[in-house]
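First comes the structure, then the notes that go with it.
Computed from the coordinates by the stated procedures, all read-outs in this text should not be read as laboratory data. On a predicted model such as this, the values are computed, not experimentally measured, just so you know. Cβ: placed from backbone, ideal geometry, glycine included. Neighbour counts: every protein chain shown.
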Amino acid sequence: MNKNLNPLNWTKKQQIIGGAVAIVLIGGVTTGIVANANHQAEVRKIEQLSKEKVEKDRARAEKAKQLEKSNEADSKKLLDIAEKTPTDKNIKLAEDSILKVKNAEVKKAFDNQVVGIKNRVKLQTEAKTAVSNYQKDDMNNDKYKTAQ
């Protein structure tokens, strides 16, 4: 066996160089371990942020869906009120509520319902006007035909 391989037989210079090499090796291994640990921590942090973002997006979507359902329910309620008591105020409230609805099919159905209410109110107003005109001048046959 070669006597230079035994650390007890090394000269002072060889011992200093060996110690320096050992310190560099220990430092390199330690640096590698720390770098790996930091990388793992960063990966976990990114995963956690990703999960939080997904949860926030899911919550936001659920909230939007609930808001849409609420808007549709409010619009339906206001349309029913406008149907029962078709005043200008009730019709305007129903129209304003319909503007908040985002679903195109529901919005179109509600708009058609408002148009129907407006047409009905218009016909009722015309009929009332014709009847009142006939009552004022009940001998006029033209007004009688219009009132019918």
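Any residue in region 1-11 that is out of contact with any helix residue (DSSP H, G or I) (no Cβ under 7 Å at 6 or more places or on another chain), assigned to a helix (DSSP H, G or I), polar (S, T, N, Q) and farther than 30 Å from Asn119 by Cβ? Checked against the condition, which is being out of contact with any helix residue (DSSP H, G or I) (no Cβ under 7 Å at 6 or more places or on another chain), assigned to a helix (DSSP H, G or I), polar (S, T, N, Q) and farther than 30 Å from Asn119 by Cβ, region 1-11 yields at least one hit.
So, Ile33, is that one closer than 30 Å to Ile117 by Cβ and aliphatic (A, V, I, L, M) or not? Talk me through it step by step, then tell me what you get.
Details: closer than 30 Å to Ile117 by Cβ: no; aliphatic (A, V, I, L, M): yes.
In short, no.
Annotation: of all residues in region 100-113 being touching a Ser or Thr at 6+ places or on another chain (Cβ under 9 Å) and more than 14 Å from Ser70 (Cβ to Cβ), the one that is surrounded by the most Cβ atoms within 10 Å (Cβ to Cβ) is Phe110. Residues in region 89-112 that are of a type in the set (Val, Ile, Thr) and in a helix (DSSP H, G or I): Ile91, Ile98, Val106.
Whether any residue in region 45-61 is among the aliphatic types (A, V, I, L, M) and under 23 Å from Asn103 (Cα atoms) is what I want to check. Lay out the reasoning, then the answer.
So the first thing to find is which residues in region 45-61 are among the aliphatic types (A, V, I, L, M), and the list is 46, 49, 54, 59, 61.
Now narrow it down to the ones that are under 23 Å from Asn103 (Cα atoms): 59, 61.
Checked region 45-61: at least one residue is among the aliphatic types (A, V, I, L, M) and under 23 Å from Asn103 (Cα atoms).
Looking at region 58-72, is at least one residue surrounded by 10 or more Cβ atoms within 10 Å (Cβ to Cβ) and touching a helix residue (DSSP H, G or I) at 6+ places or on another chain (Cβ under 8 Å)? Yes, region 58-72 contains at least one residue that is surrounded by 10 or more Cβ atoms within 10 Å (Cβ to Cβ) and touching a helix residue (DSSP H, G or I) at 6+ places or on another chain (Cβ under 8 Å).
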